[in-house]
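The structure appears below as structure tokens.
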Amino acid sequence: MRMSQLFCALLLCLAALPASASKPALAWQGRGADGREIHFDPQHLHRPALLLFWATWCPYCEALMPYLQDVYNAAGHDKLDVYAIDIKDDGHPAATLRERHLTFTLVRDGDAIADAYGVEGTPGLFLVDAKGDIVYRRSGGDEPAQVETKLRALLHLPPARGQHQHRDHA
């Protein structure tokens, strides 16, 4: 088989792979708001987890976060973990989460975690299933309501009931 034919065959095989093929999440550790060590081990998860890479100064993060809180509330805090991994920030992330009435687990100074996940900007968002596979990654232009709809579908939650009409979109 000639090289060009082999290359074409390879491309066809790659095109046949599902677009949503999951890949394993990476383990990491960080520090919480209280300074305690937080370990994320995707091989030993008890429930799905959302990994949100954010910064206090990011308006897109601010717009997205209430939608994620609604997903968290709908799933139940015993059925989903949400990690707010603070990156590229010199603000006060714990105070910001409190002011915004968000109940996510804060991970401070998460730049190394963001680098490992290939996150270059904010907000970065991943859904890791209970098997430790990344099953969703937010694309740059997805509106918060679109993100919520997708997450609810993946987590088998009922659709939102239009409670976001008053919110700005990212």
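At-a-glance table
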read-out	value
Solvent accessible area, Å² - residue 149, 1.4 Å probe, full protein context	90 Å²
Long-range HN-HN contacts of residue 31 with modeled amide H, under 5 Å	38, 108
Neighbour net charge for residue 102 - beta-carbon separation under 13 angstrom, K R +1, D E -1	-2
Segment 58-170, accessible surface, carbon-and-sulfur percent (1.4 angstrom probe)	48 percent
Radius of gyration and Dmax over the Cα atoms of segment 17-128, both given in Å	13.5, 44
Packing-based ranking, highest mean first, of 121-129, 88-96 given that Cβ atoms within 10 Å are counted	121-129, 88-96
Accessible heavy-atom area order of 120, 143, highest first, probe of 1.4 Å	120, 143
Residue order for 148, 37 - accessible surface, 1.4 angstrom probe, largest first	37, 148
Accessible area (Å², 1.4 Å probe, nearest 10) - residue 47	70 Å²
Distant alpha-carbon pairs in segment 68-170 (separation over 21 angstrom), percent	38 percent
Most to least accessible of 57, 28 (protein chains only, probe 1.4 Å)	57, 28
Value of D in µm² per second that Stokes-Einstein yields for segment 22-86, Kirkwood Rh from Cα pairs, at 10 °C (1.306 mPa s)	121 µm²/s
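The values are calculated or read from the model by the stated rules, or taken from the named source; none is laboratory data. Bear in mind the structure is a predicted one, so any value in this text is a computation, not a measurement. No Cβ is skipped: glycine too gets one built from the backbone with ideal geometry, and neighbour counts run over all protein chains shown. Side chains are part of the model used for accessible areas, which takes the heavy atoms of the whole protein and leaves out ligands, DNA and RNA. Shrake-Rupley method; radii C 1.70, N 1.55, O 1.52, S 1.80 Å.
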